[in-house]
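The values are calculated or read from the model by the stated rules, or taken from the named source; none is laboratory data. What you are looking at is a predicted structure, and each value in this text was computed from that prediction instead of being measured. No Cβ is skipped: glycine too gets one built from the backbone with ideal geometry, and neighbour counts run over all protein chains shown. The accessibility values were calculated without ligands, DNA or RNA, using every heavy atom of the protein model including side chains. Shrake-Rupley method; radii C 1.70, N 1.55, O 1.52, S 1.80 Å.
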Amino acid sequence: MLQTIQRTVYRFCRFLVWVFYPRLTVEGMENLPDEPVVAVGNHAQMNGPITSVLYYPRKRKTWCAGQMMKLKEVPAYAYQDFWSGKPRGTRWFYKILSYLIAPLCVCIFNHADTIGVWRDNRIINTFKQTVNALKDGADVVIFPECLQEHNHIVHAFQENFTDVAKLYYKQTGKALPFVPIYICPALKKIVIGKPVYYNPEIPIASQRHDLCEKLMDAITALAENLPEHKVVPYPNLPKSQYPSNRAN
């Protein structure tokens, strides 16, 4: 009964977001190989996850913070990740809000074709679910930015997500493609770039950084090749502080 109610609530929320969220177009579909991929994009605050649900052009699973799928863990994670940078005088409001949104977050994130990502030994389940999704023919969408700055388009990537390529190759004998995607709310676009492939002949520890650098460079190039616009950054900054896609 509870699952039925949660699915209904999720579908209703998804419909509302679809109604009010701007329509996006997808460019670069020809760059998607005829095989499952890990699509790697800029987070663009909540725009990345929203667009992956509404507009990603193929069957997909999306990585999300596992804490957003557990009722007791939502408030602390949501406050720290979304609102800890808010002015001191308003933080009390966001702490209360983090508790109020917890039931809805659990409902949404457990029904949006997501894979929970953890920073403890539960990460093993994350990788297992990811490989199984790829083997079932679904793409997996990941937004791996962290708070460390990289350039005016993307923040630095947390690199260990690339380890899924080693596990996928071990089970399938196939080199996994990572496909860069740029989420551009300002121009109402999702732009897909050319794939970057894992090399099974090189230890994964020796190519994590290189794979991430290539993907960050590709996303940056996708953004810079578009008309001038404001980039939605990973941190929750005021719009007045959004950078331009044109490097200074």
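Please state, rounded to one decimal and in Å, the Kirkwood hydrodynamic radius that the stretch 1-100 gives when every pair of distinct Cα atoms enters the mean of 1/r. Its Kirkwood hydrodynamic radius stands at 16.3 Å. Suppose R0 equals 41 Å; then what is the FRET efficiency for Lys72 and Glu201 from their Cβ-Cβ distance, rounded to the nearest 0.05? The pair Lys72/Glu201 has a calculated efficiency of 0.40. Legend: translational diffusion of the chain by Stokes-Einstein, Rh = Kirkwood radius over C-alpha pairs, 4 °C, 1.567 mPa s; D = 69 µm²/s. The label-point distance for Asp81 and Arg246, in a model that sets each label 7 Å from Cα toward Cβ, rounds to 3.5 nm.
Please report, in cubic angstrom per residue, the volume enclosed by the convex hull of the alpha-carbon atoms of the stretch 193-232. Enclosed volume per residue, from the Cα hull, is 67 Å³.
Ordered by 1.4 Å accessible area with all protein chains kept, Lys70, Lys86 run largest first as Lys70, Lys86.
For the chain, relative contact order (Cα pairs under 8 Å, six or more residues apart, normalised by length) works out to 28 percent. The packing ranking of peptides 232-240, 36-44, 87-95, highest mean first, is 36-44, 232-240, 87-95, where packing means the average number of other beta carbon atoms within 10 angstrom of each residue. Here the Debye sum runs over all C-alpha atoms of the stretch 103-234 as equal scatterers in vacuum, and log10 of I(q)/I(0) at q = 0.13, 0.18 Å⁻¹ comes out as -0.62, -1.15. In terms of Cα atoms, the Rg and Dmax of the stretch 47-156 work out to 15.3, 49 Å.
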